[in-house]
Amino acid sequence: MKKLLFAILMLMPLSALALTEKLSSPDGRYEFVLTQHDGRFSYTLTYDGKTVINPSELGVNIDNKLFESALGVPNEDVRLWCENLRHIGTDRLERDTTWTPPYGEWNTIRDNYRQMTVRFMKGADEVNAEGYSKGKCYFFNIDVRAYNEGVAFRYSFPETGNGLFIHLTSELTEFAFEPGAEALCASWAQDGYRWKPLTGSDWGVAERPLTLRLANGLCVSLLEARLVDYARTKFVLQRENVLRADVYSSVDFMTPYSTSWRTIMVGDKMTDLINHDYLTLNLNDPCALSDVSWIKPGKVFRSDLNKKALFEAVDFAAGRGLQYVHLDARWYGPEMKMSSSALAVDSTKDFTIPEVVSYAKEKGLGVFVYVNQRALYQQLDSILPLYKKWGVKGIKFGFVQVGNQQWTTWLHNAVRKCAEYGLMVDIHDEYRPTGYSRTYPNLMTAEGIRGNEEMPSATHNVTLPFTRFLCGPADYTLCYYVGRKKTTHAHQLAMAAVYYSPLTWMYWYDKPSAYRGEPELEFWDKIPTVWDDTKALQGNPGEYIATARRSGGDWFVGVMTGDEARTVTLPLSFLAKGKKYIAHLYEDDATLKTRTKVKMTTKKVTNKTTLLLPLEKAGGAAVWIEEVK
C-alpha cells in the first residue's frame with residue numbers, strides 16, 4: 001500500500017496537489033489554515049472569526065548545492081527548496097495536561113493544545129519500513145499547535161537514512177495584516193519603544209516580542225519560543241502591511257532537527273497578552289533536572305568591591321529580608337580584557353570570595369558573582385568546579401554574544417553546565433528569553449531590557465509589561481534612593497509587583513548608608529519574587545498598568561502610570577470570596593515632609609471593595625493585601 005501511495009503521488013500533476021489543512025484551538029476561538037497552492041505554502045489565522053493574519057507565506061530557503069548529490073538532480077531544478085513538496089500525510093493529536101514549575105508566576109500551568117504535523121517529501125524514491133529513504137529523497141514537516149492562549153508553528157526535518165546535513169539560509173515566514181495595524185517597536189533589546197504603522201521605506205528592524213494593535217480592535221504579540229540551537233529572529237517590513245521573520249544568520253544542522261517556534265498570541269485587550277504569557281514556557285521541553293531543590297529565587301543586593309562594603313552589604317541585605325549579595329564587574333580585573341582571569345580575585349582587592357561567602361552564610365544569605373563572557377568562553381570548565389567549591393550560588397553572565405547559531409548554542413550549553421554544578425544563572429545584556437527556563441530552571445532571569453541602568457521614563461516603564469515581559473522574566477535592576485530616577489518612589493515600589501524576575505536585583509545604585517528607616521520599604525521587605533497566581537488587571541502600553549500577584553493567602557498589587565497623572569479605580573474582585581483582609585497602601589503624597597514622600601495607610605477590605613488610587617505623573621501605588629487569619 002505504501003509503495004502504491006508513493007507511485008500515485010509521483011504520477012500526479014502538481015496542480016492536483018493543492019492542499020488545505022485546518023487547525024482550531026480547543027475553545028474554537030483560533031483557526032489556523034495551512035494551504036499549499038501552485039507548489040508554495042501559505043497560512044491564515046482568525047480569532048473569534050476576526051482576521052488576524054491574511055494569507056502569508058511559509059517555508060525556508062536552503063543552499064541547494066548541498067542537495068545536488070543527495071537528490072541526483074541539477075541544482076536549477078531545486079532552486080526554491082520549499083516549492084513542489086509532495087504531501088504524504090497529516091498527523092493530529094490533542095493534549096490536555098498540567099505541570100508544576102519549581103517557581104514562577106503560577107503554581108500550576110495548563111498545557112492544552114491541538115497539534116497537526118503536515119508531512120511532505122521531495123525526491124522520487126521510496127522509504128523503508130523504518131521511514132528511512134532508500135535513496136535520493138528527503139522530508140520536511142510543518143508543525144502547528146493551537147492553544148487557547150495562542151498559535152505556534154515551526155519547521156522540522158525528520159531523520160533520513162542518507163544523513164543529510166542542511167544549510168538553512170533564511171525563512172520565508174510572513175505575517176500579513178489588514179491595513180491600519182501598528183506595531184510597538186524596539187530595534188534592539190535595550191532600546192526604547194515607539195508605535196509604527198506597517199508602512200514606509202525606513203521601517204528598520206523590530207525586536208521580539210512584537211506587540212501590535214489591529215484596526216479591528218484585536219491586540220497581537222509575535223514571539224519566538226524554544227530558541228536553543230537556532231539563530232535569533234527579528235521582524236522586518238517585507239512590504240506594506242506584511243512583516244517577515246528575519247533570521248539573524250544561516251543555520252547548519254543534521255536531521256532530525258526543528259526550528260524555533262513562531263508564536264502568535266491574540267487578545268481582546270492588551271492585558272490578555274500578559275495573562276497568557278506562559279504559552280512560551282509550554283512550547284519548551286519539560287524540566288531536564290531531576291533535583292531542583294538547590295534553585296532558590298530571591299532578592300539580590302549589589303555591593304561595592306572592598307571588604308568593608310561587602311560586609312555592610314550583607315548586613316543591609318539581611319536586615320531588609322533579601323537573600324543574596326552580588327559582586328559585580330571588575331572583582332577579578334578589567335572585564336573587557338581577554339587576559340583577566342575569573343579564577344581569582346584581582347590582586348588589588350582586599351577580600352577573598354570564600355570569606356565573603358562565609359560571612360554571608362552566617363547571615364543566611366548566598367553570593368552571586370559577575371563574569372564577562374570573555375572569561376566564561378575561555379574558562380568555563382575551570383570556573384564552575386571552583387565556584388562550587390567556594391560556595392557561590394550563581395553567576396551573572398555579562399555582555400553575552402547573541403544572534404547567530406554558534407553563540408545561541410554556546411550560551412545554552414553554558415546554562416546546562418552551570419546546572420551540573422548547582423549554579424543559578426542571570427544573563428545580562430542582549431539576550432532575551434524564549435522559555436528555556438522550563439527545561440533548565442537554573443536560568444532564572446535575563447536582562448535584555450532597558451531598565452534602571454539607564455533610568456528610562458515612566459512611559460517606557462509601563463510599556464514593558466506589554467512587550468519585553470511577555471517573553472519571560474527581566475532583570476530591570478530596581479532602585480529607590482538614587483536621584484537620577486525619573487519616577488516617584490511609589491512607582492519604584494510598585495515595580496516589585498508589576499515586574500517578574502525570580503532573582504530581583506533591588507536598590508541597584510543605592511548604598512546601605514542611604515537608608516534612613518523609611519517605613520514604606522516594608523513592601524519590598526515583605527514581597528517575594530515568585531508567585532502562586534498572577535493577574536494583569538488593567539492597563540495599556542505607555543499609559544498605565546495594574547497587576548496583582550498572590551503568594552499563599554496574601555496579595556501584592558502594583559499600579560504604575562506613565563508620564564501623565566491619572567486615577568485608577570481598582571476593584572478587588574480577585575480576592576477570595578468570604579475572606580477578610582487588611583490592605584496596606586503605599587502611595588505618593590507630595591505634601592508629606594519626608595525624603596521619599598510616600599504615604600502609608602491601612603484599611604479593611606474584601607473582594608467587594610474597590611480602591612480609588614490617584615496617581616501622580618510618573619507615579620504609582622503599591623498595595624500589600626494581608627489575609628486576616
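The values are calculated or read from the model by the stated rules, or taken from the named source; none is laboratory data. All values derive from a computational prediction rather than experimental measurement. Quick reminder, even Gly has a Cβ in these numbers, built from the backbone with ideal geometry, and neighbours come from all protein chains shown. Ligands, DNA and RNA are stripped out before the accessible areas are found, and what is left, the full protein with its side chains, is counted by its heavy atoms. Shrake-Rupley method; radii C 1.70, N 1.55, O 1.52, S 1.80 Å.
Worth pointing out:
- Residue check for Thr602: open to solvent by 20 Å² or more (accessible area, probe 1.4 Å) and touching a residue at least 24 places away in the same chain (Cβ under 8 Å): no
- Inter-residue pairs, beta-carbon under 8 Å, first among the hydroxyl-bearing types (Ser, Thr, Tyr) and in segment 336-361, second open to solvent by 60 Å² or more (accessible area, probe 1.4 Å) and in a loop (DSSP other than H, G, I, E, B), 6+ apart: Ser340/Pro334
- When the residues of segment 136-162 are filtered to those that are in contact with a helix residue (DSSP H, G or I) (Cβ under 9 Å, 6 or more places away or on another chain) and surrounded by fewer than 20 Cβ atoms within 10 Å (Cβ to Cβ), the one that is modelled with the lowest pLDDT is Lys136.
- Checking the stated criteria, Thr569 turns out not to satisfy the condition of being without any contact (Cβ under 8 Å) to a residue 12 or more places away in the chain and either within 30 Å of the chain's Cα centre (by Cα) or open to solvent by 50 Å² or more (accessible area, probe 1.4 Å) (or both).
- Residue count for segment 602-629 under the criterion of being farther than 20 Å from Trp524 by Cα and either in contact with a helix residue (DSSP H, G or I) (Cβ under 7 Å, 6 or more places away or on another chain) or basic (Lys, Arg) (or both): the result is 4.
- Restricting Glu447, Glu453, Glu420 to those that are open to solvent by 10 Å² or more (accessible area, probe 1.4 Å), touching a residue at least 24 places away in the same chain (Cβ under 8 Å) and under 25 Å from Ala496 (Cβ atoms) reduces the list to Glu453.
- For segment 1-40, taking the residues that are modelled with pLDDT of 95 or more and touching an Asp or Glu at 6+ places or on another chain (Cβ under 7 Å), the one that is most open to solvent (accessible area, probe 1.4 Å) is identified as Lys22.
- Taking segment 432-471 as the range and being under 22 Å from Tyr370 (Cβ atoms) and of a type in the set (Val, Ile, Thr) as the test, the residues that pass are Thr445, Ile449.
- Verdict on Tyr581 being touching a Leu at 6+ places or on another chain (Cβ under 7 Å) and either closer than 16 Å to Glu616 by Cβ or surrounded by fewer than 20 Cβ atoms within 10 Å (Cβ to Cβ) (or both): no
- Pair list, Cβ under 6 Å, 6 or more apart: segment 474-500 residue charged (D, E, K, R), other residue open to solvent by 10 Å² or more (accessible area, probe 1.4 Å) and modelled with pLDDT of 95 or more: Lys486/Ser457
- Residue in segment 209-222 that is under 18 Å from Ile274 (Cβ atoms) and open to solvent by 40 Å² or more (accessible area, probe 1.4 Å) present: yes
- Sole exception among (1) closer than 27 Å to Tyr476 by Cβ; (2) part of a loop (DSSP other than H, G, I, E, B); (3) modelled with pLDDT of 95 or more for Gln401, by number: (3)
- Within segment 265-324, considering residues that are open to solvent by 30 Å² or more (accessible area, probe 1.4 Å) and hydroxyl-bearing (Ser, Thr, Tyr), the one farthest from Tyr481 (Cα to Cα): Ser290
- Of all residues making up segment 230-245, the number that are over 20 Å from Phe139 (Cα atoms), under 23 Å from the mean Cα position of the chain (by Cα) and touching a residue at least 60 places away in the same chain (Cβ under 8 Å): 7
- Close Cβ contacts (under 9 Å, 6 or more residues apart or on different chains) running from residues in segment 42-58 that are in a strand (DSSP E or B) and of a type outside the set (Lys, Arg) to residues that are at pLDDT below 95 and surrounded by fewer than 19 Cβ atoms within 10 Å (Cβ to Cβ) comprise Glu57/Arg40; Leu58/Arg40.
- One residue stands out in segment 325-377 among those that are among the hydroxyl-bearing types (Ser, Thr, Tyr) and within 29 Å of the chain's Cα centre (by Cα): the one that is most open to solvent (accessible area, probe 1.4 Å), namely Tyr377.
- Considering only residues in segment 612-629 that are aliphatic (A, V, I, L, M) and in a strand (DSSP E or B), the one that is surrounded by the fewest Cβ atoms within 10 Å (Cβ to Cβ) turns out to be Leu612.
- Going through (1) assigned to a loop (DSSP other than H, G, I, E, B); (2) at pLDDT 95 or above one by one, Glu430 falls short only on (2).
- Test: residue in segment 515-529 that is more than 29 Å from Cys219 (Cβ to Cβ) and free of Cβ contacts under 8 Å to residues at least 24 places away in the same chain: yes
- Just so you know, in segment 500-530 the residues that are of a type in the set (A, V, I, L, M, F, W, C) and open to solvent by 10 Å² or more (accessible area, probe 1.4 Å) include one that is farthest from the chain's Cα centre (by Cα), and it is Ala514.
- Test: Thr169 is touching a helix residue (DSSP H, G or I) at 6+ places or on another chain (Cβ under 9 Å), in contact (Cβ under 8 Å) with a residue 40 or more places away in the chain, in a strand (DSSP E or B) and among the polar types (S, T, N, Q): no
- Residue check for Gly391: open to solvent by 10 Å² or more (accessible area, probe 1.4 Å) and at positive phi: yes
- All of (1) touching a residue at least 60 places away in the same chain (Cβ under 8 Å); (2) crowded, with 18+ Cβ neighbours inside 10 Å hold for Gly403 with one exception: (2).
- Screening Ala414, Ala490 for residues that are open to solvent by less than 30 Å² (accessible area, probe 1.4 Å), over 21 Å from Asp588 (Cβ atoms) and of a type in the set (Gly, Ala, Ser) leaves exactly one candidate, Ala414.
- Residue check for Gly517: at pLDDT below 95 and farther than 27 Å from Ser187 by Cβ: no
- Every condition in (1) in contact with an Asp or Glu (Cβ under 6 Å, 6 or more places away or on another chain); (2) part of a helix (DSSP H, G or I) is met by Arg302 except one, and the failing one is (2).
- Looking only at residues in segment 282-334 that are touching a strand residue (DSSP E or B) at 6+ places or on another chain (Cβ under 8 Å) and basic (Lys, Arg), the one that is nearest to Trp99 (Cα to Cα) is Lys296.
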